[in-house]
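Below you'll find the structure, written out as structure tokens, and then a few comments.
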Amino acid sequence: MSLQFARAKLSMRMMMVDLDTCSERDAELLIQDIDDWCSEFKAWERGDSFAAAFKEHRMTARVVARAATSTKNTTTNKLAMNQYNLQTHKVGHAKHQTADIYDTGLSGMKLRTNPDNFGQEQIIPGGMKKIDGQIKKVPTIITGKYNLGLHDLSACLLSTARGSILNQLAWKEGAKEPDKNAIAFMPLPLEADLQLFFVLNAKAKQCKSKHPAIHQKVAWVRRRMTRVKLANEVDAGSGFVNIGTGWKNDQRRYKYGLGLVAIPEKTGAVGIGETERRTRLALQYRRTLQMMPPMPKDNDSPGTNNEMVIAYRQHASNCFPLFALFEKENNRFEVIDGPEEFKTEWIGKSVPRYIEN
């Protein structure tokens, strides 16, 4: 079975089945089709490569927060955000400093690729415990997006037609120092698979009480699929907002990309209409490259960056996300962390400073 066939089969099943009235057998068949599609999707991921992702305009790059040259570097920031009222489309009150962390470092990006870190929010205390008749030291186990600070991150979608990779990046963590800041490369799924999952996820949430097995299966896929949440043809000036009912643990619900824009001419809250536009564009993310302003003629001056809000998750090839530092002398990227087969190689062999069309 091919990915294209599995995708078409699942799409057809979703059109045929009314989740409000379908039988348990129909639900079982839908789950089987989800499994088949996910299996083929992961097989496709295992065969993905740098070259293919760049050629198809699916490769993203993110400047990892601050100078991160070791996999042990973790950058955690306290989240400061506004509460956003979805009914009035207005900011509820001034910025609120939360106790929640936001892990934007190398280790945080790695944590996002482990499905076990998503789902249930829990902290299981460690210490000396009796296991199999022996006293052993057990580490504290922490899971959950909020506990670990594994919220969505921004990245830029790279283009073969826009010259230098360095000038396509968003240098938001201070001065542009490509030899000191790690770059995280991550390919995106095909737009057709993102579109299919978008519809599937919405349907699963609607039928959660009636068909919990479908909801659980889709949640299982969600923890294993990197997704573009929002896309914008220029820097969106995105930030976090709390769209929940309050600031307590059981009330907060954070969203990245909906909130106050930091761009002077667009000061204020992003309205629902703009959010919907960015959501639609995320499902056709390559359109952003057509909508972007042209790069400077000398091809060496920074241009306008697009912005993808991405939920980084597991990649089946184990090659991504791949972290690299720019090596000035040879104008190429040196891998500092990734799969063993990449650690002794230069990304520059396939990803030079200038990508050829």
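Could we say that LYS42 is surrounded by 15 or more Cβ atoms within 10 Å (Cβ to Cβ) and either among the aromatic types (Phe, Trp, Tyr) or closer than 12 Å to LEU196 by Cβ (or both) here? No; evaluated as a whole, the condition is false for this residue.
Could we say that VAL261 is at pLDDT 75 or above, under 15 Å from ASN306 (Cα atoms) and touching a strand residue (DSSP E or B) at 6+ places or on another chain (Cβ under 9 Å) here? Walk me through how you get there before you give the answer.
Details: at pLDDT 75 or above: no; under 15 Å from ASN306 (Cα atoms): yes; touching a strand residue (DSSP E or B) at 6+ places or on another chain (Cβ under 9 Å): yes.
Against the criterion (at pLDDT 75 or above, under 15 Å from ASN306 (Cα atoms) and touching a strand residue (DSSP E or B) at 6+ places or on another chain (Cβ under 9 Å)), VAL261 does not qualify.
Looking at (1) at pLDDT below 80; (2) open to solvent by less than 40 Å² (accessible area, probe 1.4 Å), which one does THR71 not meet, given that it meets all the others? Evaluating THR71 over (1) at pLDDT below 80; (2) open to solvent by less than 40 Å² (accessible area, probe 1.4 Å) leaves (2) as the failure.
Residues in region 1-27 that are open to solvent by 100 Å² or more (accessible area, probe 1.4 Å) and polar (S, T, N, Q) were compared, and the one that is farthest from GLU191 (Cα to Cα) is THR21. Could we say that LYS229 is open to solvent by 10 Å² or more (accessible area, probe 1.4 Å), outside any helix (DSSP H, G or I), modelled with pLDDT of 90 or more and closer than 22 Å to TYR102 by Cβ here? When the stated conditions are applied, LYS229 passes them. Within region 204-216, the residues that satisfy the criterion of being open to solvent by less than 70 Å² (accessible area, probe 1.4 Å) and within 14 Å of VAL17 (Cβ to Cβ) are ALA204, CYS207, HIS211, ALA213, ILE214. Only one of the numbered conditions (1) at pLDDT below 90; (2) open to solvent by less than 10 Å² (accessible area, probe 1.4 Å); (3) more than 22 Å from PRO321 (Cα to Cα) is not met by ALA175, and that is (2). Condition check for TRP44 on (1) within 23 Å of SER2 (Cβ to Cβ); (2) under 19 Å from the mean Cα position of the chain (by Cα); (3) at pLDDT below 90: one failure, at (3).
Within region 32-44, residues that are in a helix (DSSP H, G or I) reach partners that are of a type in the set (Ser, Thr, Tyr) with beta carbons closer than 7 Å, at six or more positions or on different chains, in the pairs GLU40/SER2. Report yes if ARG58 is at negative phi and either open to solvent by 30 Å² or more (accessible area, probe 1.4 Å) or of a type in the set (Asp, Glu) (or both), otherwise no. No, not satisfied.
The values are calculated or read from the model by the stated rules, or taken from the named source; none is laboratory data. Given the structure is predicted, the values throughout are model-derived calculations rather than measurements. Quick reminder, even Gly has a Cβ in these numbers, built from the backbone with ideal geometry, and neighbours come from all protein chains shown. Ligands, DNA and RNA are stripped out before the accessible areas are found, and what is left, the full protein with its side chains, is counted by its heavy atoms. Shrake-Rupley method; radii C 1.70, N 1.55, O 1.52, S 1.80 Å.
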